[in-house]
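Here the structure is laid out as structure tokens; the discussion comes afterwards.
All of the numbers you see were taken from the coordinates with simple rules; none came from a lab. Please read all numbers here as calculations on a predicted model, not as lab measurements. With ideal geometry, Cβ positions are generated from the backbone for all residues, glycine too; neighbour counts draw on all protein chains shown.
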Amino acid sequence: MVRRGMWASACGPDVLRDAGTCGDVLCGSDVVHWAKRGVCMVVQLIVNGLAMGFIYALAALGVVMLYNALGIVNFAQGEFATLGAFIAYSLIAEMGVPYPLGFVVTVLIVAAVGVLFERIVYRPLRHKHFLTVIVSTIGVMIFFREFERIVWKPIPRFFPDIFEGRLITIGNVVIVPQHVFIIGVALVLMVSLYLFLNKTSVGAKMRATAQDQETASLMGVDVEKMIVLTFVISACLGAIAGVLFAPIFFITIDMGGTVGLTAFCASIIGGFGSIPGAICGALLLGLVEVFAAAYVSSVYKPAVAFMLMIAFLMFRPRGIFGEKVSVKV
Amino acid sequence: MGRRTRCAVAVGVVTLLAVFPLLGVGPYYIRLLNLAGIYVILTLGLNFCVGMAGQISYAQASFFGIGAYASALLTLKAGVSFWAALPLSALVALVFGVLLGLPSLKVGRYYLAIVTIGFSEIVRLVLLNWKEVTYGAEGVKNIPVPTIGAFTLNTDLRYYYLVLTIVLFAVFVSIRIVHSRIGRALHAIRMSDLAAEVMGVNTRYYKILAFALSAFFGGLAGSLIAHYDTYLHANSFNFMESAKILCMLFIGGSGSIEGPIIGAVGLTLLPEWLRFLKDYYMAIYGVGVVLLMSVMPSGIRSLIPQLARFVQRLFTNKQRAVRSEH
């Protein structure tokens, strides 16, 4: 099922159906059969939802880190994910580079794009009005999309499954290994990012820059370098999310836009500016989306994140963890 | 400029616009002009919300879509004539505009941006999936063309005059609003909504009014496009369409009247002049937006005073030269 809508994505129960539903259930009574099916369906949905949640979490971390450091929201964040997926596709599927090497090279290329982004787009706009920044990021988005359309043509690409279609079967529960892989990689990344930010001196400098640029520069922190580094990390997180997401569904030009906006919603739900909030919000959204698609309606799945976010903004604008939202005077 | 000169200029421009397509312009170019007119209405509408009140909205394409669907379905299913459906569909859009204006009272900036993106995505999905009413993914076909008695507006040229009338109406309303109490209140809100409120401006009312006006213009444009193309699909009213209208507004120069007009007409005609760029046009366009925003954040409009000064200097120099000869 391919929906070519702007923010359309599909990674809900369709994937599960493709991968085969629960294993053979050998029980006499239909009631037990369906009950068991129900339970393993739920377990599978949880794994699926968590995998999606971790992908959103990686992208959301990129959004939040940029916001904390610079006070800007990069609406083009998701485009790093699309770019990462396309580059990885070219390297791994077309040129036959081994997966781990292809993965690393992709992330390095997107990191370089992140540096360019900082130089060309962010720096000239540093103290401009936020509407100008928003329009400028629209320009970036259009450029990325058209660049991808020219280079990779508007054909949905299918990223080869590194697990060659094998499935993990535990009892009656069938799990797609890519989902486990996503959860593992994301957890390792988050822990290392946490250690980097909190246990290394560069991390401390980055946090200092995020808190107060002027004071940080008085303390001898090279603020410019830290800002570039923030962009690099943010771009890398986006690229990794894209490469991990690629085998779950077709790679399309619209793919990253969905991930980026969902990540933004997730960080609002979690409490904007809070890193644990962004992760929790993302996991919550991943789960809610998958369950809503399975039990409520799959066509409205792309709207779930927005509806949840609007509900949060209306009734609990500070989100799960965040501080109070107030307009700066 | 005195009142009389202004009137003379206005009459001159209107006459020029009315006569222009009769001077042997091909139907294709008239179609482009019609589209440019529709985008002028959309961009002038968005200008109330973004340019004047400073409230970001990514939802202009949704109001465009709501107006288009409302007008098409009213004429097709309820048998309403186009002339009634045009204002009705604008009113339907206006109701949604008020609805979207409500969150702007609570949240601002990036939050409002994502709320409006969410709103437009939900609208698109409903239009795409509510098969019983909107014909779903098939789209709406065979939308009737407007008629006046036995006279059918079935050619590009005939439709041009309809579009021109609505464009003139939109420009007139915009000019009146900029120089009114509403315009000043919106301007104050853009500068600082807290300060505006302290000064006694009812910011809640004016913010919602800005969204309502945006939506109303969006609805008018939607009705025009529905009966012009006679076919609608929900996916044409997507995020990128809203982004395009925002770009038109900012490239022209937001907050003014001439800015949105320059932006909308320019960006509709530009692809024609730059056709040799082929597939690269959009990529270059994206780069152009980024560069323009960093070099000229108040849009092409900011060139007008410079241009005027340049022309003035040319004239004065000539006069001086003439004088020195004597």
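With only Lys, Arg, Asp and Glu charged, each at its Cβ (+1 for the first two, -1 for the last two), find how big the charge dipole of region A:13-315 is about the Cα centre; round to the nearest 20 debye.
340 debye
Nothing charged except the Cβ atoms of Lys and Arg (+1) and of Asp and Glu (-1): what's the magnitude of the dipole of the protein assembly as shown about its Cα centre? Round to the nearest 20 debye.
That gives the protein assembly as shown a dipole magnitude of about 2100 debye.
Over chain B, with a Gaussian network built from C-alpha contacts below 10 Å, which listed residue (B:Ala196, B:Ala283, B:Ala170) shows the highest mean-square fluctuation?
B:Ala283
Please compute, for peptide B:122-133, the average count of beta-carbon atoms on other protein chains lying within 10 Å of each residue's beta-carbon.
3
When Lys and Arg each count +1 and Asp and Glu each count -1, what net charge do the other residues less than 11 Å away from B:Ala53, Cβ to Cβ, add up to?
Net charge around B:Ala53: +1.
Enumerate by residue number the trypsin sites (Lys or Arg not before Pro) in region A:146-180 meeting two conditions: DSSP loop (anything except H, G, I, E, B), and at most 14 other Cβ atoms within 10 Å of the site's Cβ.
Answer by residue number: A:Arg166.
List A:His129, B:His179, A:His179 from most exposed to least, where exposure is judged by having the fewest other Cβ atoms within 10 Å.
Neighbour counts put them in this order, fewest first: B:His179, A:His129, A:His179.
Work out the P(r) tail for chain B: percent of alpha carbon pairs separated by more than 25 Å, whole number.
Of all Cα-Cα distances in chain B, 54 percent exceed 25 Å.
How tilted is helix A:301-315 with respect to the longest principal axis of chain A? Cα atoms for both, answer in degrees (0 to 90, nearest 10).
50 degrees
For helix A:30-70, report the angle its Cα long axis makes with the longest principal axis of the Cα atoms of chain A; keep it between 0 and 90° and round to the nearest 10°.
Value to nearest ten degrees: 10.
Over all directions, how big on average is the projection of the convex hull of the alpha-carbon atoms in the protein assembly as shown, in square nanometres?
Taking a quarter of the hull surface, the average projection is 37.4 nm².
Among B:Pro146, A:Gly281, A:Phe250, which residue has its Cα furthest toward the positive end of the charge dipole of the protein assembly as shown, with +1 on Lys/Arg Cβ and -1 on Asp/Glu Cβ?
My answer, from the dipole projection, is B:Pro146.
For chain B, what relative contact order do you get, as a whole percent, if you take Cα pairs closer than 8 Å and at least 6 residues apart?
Answer for chain B is 32 percent.
Taking 28 Å as the cut-off for C-alpha to C-alpha distance, list the pairs among B:Lys77/B:Lys106; A:Lys153/B:Lys244; B:Lys106/B:Lys244; A:Lys128/B:Lys106; B:Lys106/B:Lys131 that go past it.
B:Lys77/B:Lys106; B:Lys106/B:Lys131
Taking the Cα centre of region B:21-239 as the origin and placing charges on Cβ (Lys, Arg +1; Asp, Glu -1), which of B:Ala196, B:Val123, B:Leu46 is farthest toward the positive end of the dipole?
The Cα lying farthest towards the positive end belongs to B:Ala196.
Quick one: dipole size for chain B, taken about the Cα centre, charges +1 on Lys/Arg Cβ and -1 on Asp/Glu Cβ, in debye to the nearest 20.
It works out to roughly 1080 debye.
Dividing the convex hull volume of the Cα atoms of chain A by its residue count, what figure in Å³ per residue is obtained?
Value for chain A: 143 Å³ per residue.
For chain B, build the charge dipole from Cβ charges (+1 Lys, Arg; -1 Asp, Glu) around the Cα centre, then report which of B:Ala85, B:Ala59, B:Gly288 sits farthest towards its positive end.
B:Gly288
Between the helical axis of A:201-211 and the dominant principal axis of chain A, each derived from Cα atoms, what acute angle in degrees is found, rounded to the nearest 10?
Helix A:201-211 sits at roughly 80 degrees to that axis.
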